[in-house]
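The values are calculated or read from the model by the stated rules, or taken from the named source; none is laboratory data. It should be emphasised that the depicted structure is a prediction, and the values quoted were computed from it without experimental measurement. In this analysis, Cβ positions are derived from the backbone assuming ideal geometry, glycine residues included, and neighbour counts consider all displayed protein chains.
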Amino acid sequence: MTTLAAGAGNNITFNNADDFGGSVNIVSGNDVTLNDINGLSVGGNVNGNLDTTAGGATTFNALNVTGTWTQQPMDPSATAGM
């Protein structure tokens, strides 16, 4: 598990095709960007916007997002459900 706690007013950015190796728990963060080369499991609290990109399935667990929430496949030609 990866735990991220930047504070409610601070941004969290992992946009370089990371590999979290488990679930990601966001204790606190303003605008959060997560990019995982595999599947991504996210939970926690985001005071601003959440942008996720994953090479596999994305799962959201007990997640509170105040702003906008976007989810993208790593491969833009991928289609959900295929």
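Would region 8-28 turn up any residue that is assigned to a strand (DSSP E or B) and either among the acidic types (D, E) or without any contact (Cβ under 8 Å) to a residue 12 or more places away in the chain (or both)?
The first filter runs over region 8-28 and keeps only residues assigned to a strand (DSSP E or B), leaving 12-18, 24-28.
Then keep just the ones that are either among the acidic types (D, E) or without any contact (Cβ under 8 Å) to a residue 12 or more places away in the chain (or both); that gives 18.
Yes, region 8-28 has at least one match.
Within region 33-61, if we keep just the residues that are among the small types (G, A, S) and in a loop (DSSP other than H, G, I, E, B), the residue that is surrounded by the fewest Cβ atoms within 10 Å (Cβ to Cβ) turns out to be A57. All of (1) over 19 Å from T70 (Cα atoms); (2) touching a strand residue (DSSP E or B) at 6+ places or on another chain (Cβ under 8 Å) hold for N11 with one exception: (1).
When Q72 is tested against (1) among the polar types (S, T, N, Q); (2) assigned to a loop (DSSP other than H, G, I, E, B); (3) at pLDDT below 90, exactly one condition is not met: (2).
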